Amino acid sequence: MSKDMKHFDLFGIGIGPFNLSIAALSQGIKGLNTAFADAHQSMTWHPGLLLNDARMQTSPLKDMVTAVEPTNPLSFLSYLVNKRKIYAYMAAQMDTISRIEFADYLAWVAGRVDNLMFDNPVDAVEFAGDKFLIHSKQGSYTSQHICLGTGKVAHLPQCVKPHMGPKCLHASRLALRERNYQGKTLAVIGGGQTGADVFLNLLQRQWGEPTRVIWISRRPNFQALDEGVFTDQYYTPGYGQIFYGLSDGVKHQEVKHQKLSSDGITSASLNEIYQHLYQERFINGERDSGKWSLRPHRTLTQMRQRNDKYELTLVNGITGNNELLEVDELILCTGFESQIPSYLSPIKQKLDIDQYGQFNLNREFSVAWDGPKTNKVYAVNAGVHSHGILEPQLSLTAWRSATIINDMLGHAHFDLSLEESIIDWGEGKPVSETKNIINHQGI
């Protein structure tokens, strides 16, 4: 090990919003030496999903820093002032911003943080003695702690994997190049917000005028995001503290019940889609055109290529019948899934990973591992099973970053004392899996 290697207190791998938040909050802490590396040439955030009019589902106040350090110069409000659009923004009266503007904010933050190394993919992480050894494209480094933030990979139904290519793609690649769907029959697979955004863009002929668009979802209907004020209490530090102490069975049940609080479709999107379809069918008189078809409660079970088309088999969840479709192309809005990064191979056996390939995370977002307690492997966007549905969301980005930084420093640099809650969640004692659990669909 070379004595000339740069040494850091924390080395972050991946520069998405979560690690960027840690970088932004740690930059002003005297004596804390951090660095972050990413394979991309510059700051990017799901560039393939930056579709026309696609909007965020969270308040812009839930940015990289504001919730724990409102005077930090890297807040969203500072961005608006710096870009000379604060008054225009206030006049717009928007509850949420576009994904494009949020991506621009992230790039603006990245341009003001001096410890980021882009175009620097990490190849391997080792542990030797009392430090981590990180090997990357631009060189090797040592660090007392590391933070994993390389994100997730596209989730794909098993039957489509052999067919992935230009005509069968995951939505995360959609906006990476020009698309032409003129005269095509398209299937959009997935009933969440991304599926809605893609379907609406196709209706608006953003990529030409398709012959037909079929929107397919496993869900019983095209379901709205639960945006209620009490639902938002799931996305608070207080609830997160309670959730962490629950038994695994209760955690799984709670996450299932809360799914539409993060994975539904905004009412604004649903209204816009419905009004567009109403206009076409009942005002423009295109009742028999067959230009579009909405098919909830269907599961894609088989996919075959026949000449230059795809034959899809869907199972109707209401009737149980099989339905056959023939399409030219597919857009998969099927979300993302966790994957243990290959660069962890040298230390993987030291990490506590469960049967589902998930990290066993401690309360402060460090991975349980067979190594010194003075060296920690933090992980972000990796703990919905342990910390709840709030963990992969942007809502508590700044709070989680501050939690990690406080733990790393060994003292409370950021004040994370809990606010008084509107809801009494209980005392945080684990609920026995043997007890009867209230049916959330009832009462």
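Extension gain, residue 277 to residue 30: 0.36 nm times the residue separation minus the Cα-Cα distance gives 83.2 nm.
Debye calculation, C-alpha points only, no solvent: report log10 I(q)/I(0) for the range 181-327 at q = 0.10, 0.11, 0.17 Å⁻¹, in the same order as the q values. Listed by q, the Debye log ratios stand at -0.46, -0.55, -1.03.
Electrostatic bookkeeping for residue 398 treats Lys and Arg as +1 and Asp and Glu as -1; over the other residues with beta carbon under 11 Å from its beta carbon, the sum is 0.
Could you please rank 58, 374, 34, placing first whichever residue has the fewest other Cβ atoms within 10 Å of its Cβ? If you can, show how the numbers build up before the last one.
On the way: 58 18, 374 10, 34 24.
So the ranking, lowest neighbour count to highest, is 374, 58, 34.
Of the trypsin sites (Lys or Arg not before Pro) found in the range 29-107, those in coil by DSSP whose Cβ has at most 14 other Cβ atoms within 10 Å are 30, 83, 84, 85.
Quick one: net charge around residue 192, please, counting Lys, Arg +1 and Asp, Glu -1 for every other residue with C-beta under 10 Å from its C-beta. Working shown, then result.
Details: positive: 219, 259; negative: 197, 263.
Within the 10 Å Cβ shell, the charges total 0.
Sparse packing (at most 11 other Cβ atoms within 10 Å of the Cβ) combined with a DSSP loop state is found for the following trypsin sites (Lys or Arg not before Pro) in the range 349-405: 373.
The residues packed around residue 219, meaning those with a beta-carbon under 14 Å from its beta-carbon, carry a net charge of +3 if Lys and Arg are +1 and Asp and Glu are -1.
Please report 5, 90 as a ranked list, fewest other C-beta atoms within 10 angstrom at the top and most at the bottom. The partial results should precede the final answer.
On the way: 5 15, 90 10.
The most exposed by this proxy come first: 90, 5.
Structure note, pairs 6/161; 62/259; 152/376; 137/348; 152/350; 62/137: Cα-Cα distances above 30 angstrom occur for 6/161; 62/137.
Which of the trypsin sites (Lys or Arg not before Pro) found in the range 175-257 are loop residues per DSSP with 10 or fewer other Cβ atoms within 10 Å of their Cβ? Here the sparse-neighbourhood loop sites are 177.
Based on DSSP, what percent of beta bridges with both residues in the chain are antiparallel, to the nearest 5?
Values: 33 of 67 bridges.
Of all bridge pairs located within the chain, approximately 50 percent are antiparallel.
For the chain, relative contact order (Cα pairs under 8 Å, six or more residues apart, normalised by length) works out to 21 percent.
All of the numbers you see were taken from the coordinates with simple rules; none came from a lab. For clarity, every value in this text was computed on a predicted model and none was experimentally measured. All Cβ positions, even for glycine, are placed from backbone atoms using ideal geometry, and neighbour counts span all protein chains on display.
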